[in-house]
Amino acid sequence: MSEREAVLQAVRAALLSEPRVDPHAHRIALDFADGVLTLEGEVGDVAAKKLALERAAAVPGVTGIVDRLRVAPAERMGDGQVRELVHDALLQEPAFADFALRECIKGAWRPVRAPPQPRGAIDVEVADGVVTLNGRVPGLDDKRLAGVLAWWVPGSRDVINGLAVEPPEEDSDDAIAEAVRLALEKDPFVDAGQIRVGVRRATVTLTGLVPTESERDMAECDAWYVFGVDKVVNQIEMRA
């Protein structure tokens, strides 16, 4: 067996070992060359995407990953509709009230909001349901919030968060925990007051009590959407 075949076989086994990935229901195409593994396909949710990448990256011989995994959207939408919903979400977010916003339409950039002295700038581009955010923001919390808002758009299939934090800011588990709490607080379908957030080495643990399984699942998704989160352990219980 060649090295390529051995690595691909090991990656397939790794994906099969992760129940959330479910490669039988969602086909993932693999390719491997010169230490770089490419994953392409559509998975069920953002948890499956991140876990698939984590399992694949841990396989011996894999030195790099090309991520072409997309998440099945809650609703199929055209790129124009996704772009409009993303920029609407950014416009309506009070934290970005003094940010400049631009969007790319057919290769041309159009200003959405241009304040005289912007505190930050966010550029939005959408292609095949993939939202790309570029520009500059003053803090990691701004970068993370923008990413969560983009993920919340029903037609989003992936969010590439390229926002630069200026000046650079050192990340920490406390910062991730605060970002997850903020996402839960802003989600109208989640009672954040009933959920506790702990973070250790980028692994988020959620505990608390909620009335329904759907709210439990939504809280977990909110945590996965936060930039920098590697894993989510959902220990939220449902009220009897």
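Just so you know, all these numbers are worked out from the coordinates, no wet-lab data involved. Given the structure is predicted, the values throughout are model-derived calculations rather than measurements. FYI the Cβ positions are ideal-geometry reconstructions off the backbone, even for glycines, and counts take in every protein chain you see.
Numbers below:
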item: Neighbour cut-off at most 11 other Cβ (10 Å), DSSP loop, chymotrypsin sites (Phe, Trp or Tyr not before Pro), region 124-192; result: 189
item: Expected 222 nm ellipticity per residue - DSSP helices of 4 or more, -39500 (n - 2.57), all of the chain, to 500; result: -10500 deg cm²/dmol
item: Virtual spin-label span in nm between residue 3 and residue 105, 7 Å along Cα→Cβ; result: 5.0 nm
item: Hz values of 3J(HN,Hα) by residue in region 156-164 - Karplus curve (6.51, -1.76, 1.60), Gly and Pro given as x; result: 5, 9, 5, 10, 9, 9, x, 5, 8
item: Cβ-Cβ FRET estimate between residue 13 and residue 218, R0 fixed at 35 Å, reported to 0.05; result: 0.65
item: Region 121-204: trypsin sites (Lys or Arg not before Pro) in DSSP coil with no more than 11 other Cβ atoms inside 10 Å; result: 201
item: Cα-based reach from residue 186 at 16 Å (exclusive), listing lysines while leaving out same-chain residues under 8 positions away; result: 143
item: Prolate/oblate/rounded call for the chain, Cα gyration tensor, a/c under 1.5 rounded; result: oblate
item: Sites matching trypsin sites (Lys or Arg not before Pro) across region 25-57 that sit in DSSP coil, with at most 16 neighbouring C-beta atoms within 10 Å; result: 27
item: Length-normalised contact order of the chain in % [C-alpha pairs under 8 Å, at least 6 apart]; result: 13 percent
item: DSSP bridge pairs, region 79-165: antiparallel proportion in percent, nearest 5; result: 50 percent
item: Interchain or long-range residues, amide H under 5 Å from residue 43's placed H; result: 70, 71, 72
item: By average C-beta atoms within 10 angstrom, highest first, the peptides 171-178, 219-226, 207-214; result: 219-226, 171-178, 207-214
item: Size-normalised alpha-carbon gyration radius of region 173-238, reference 2.2 N^0.38 Å; result: 0.96
item: The chain: DSSP helices with Cα axial extent of at least 24 Å and average Kyte-Doolittle hydropathy no lower than 1.6; result: none
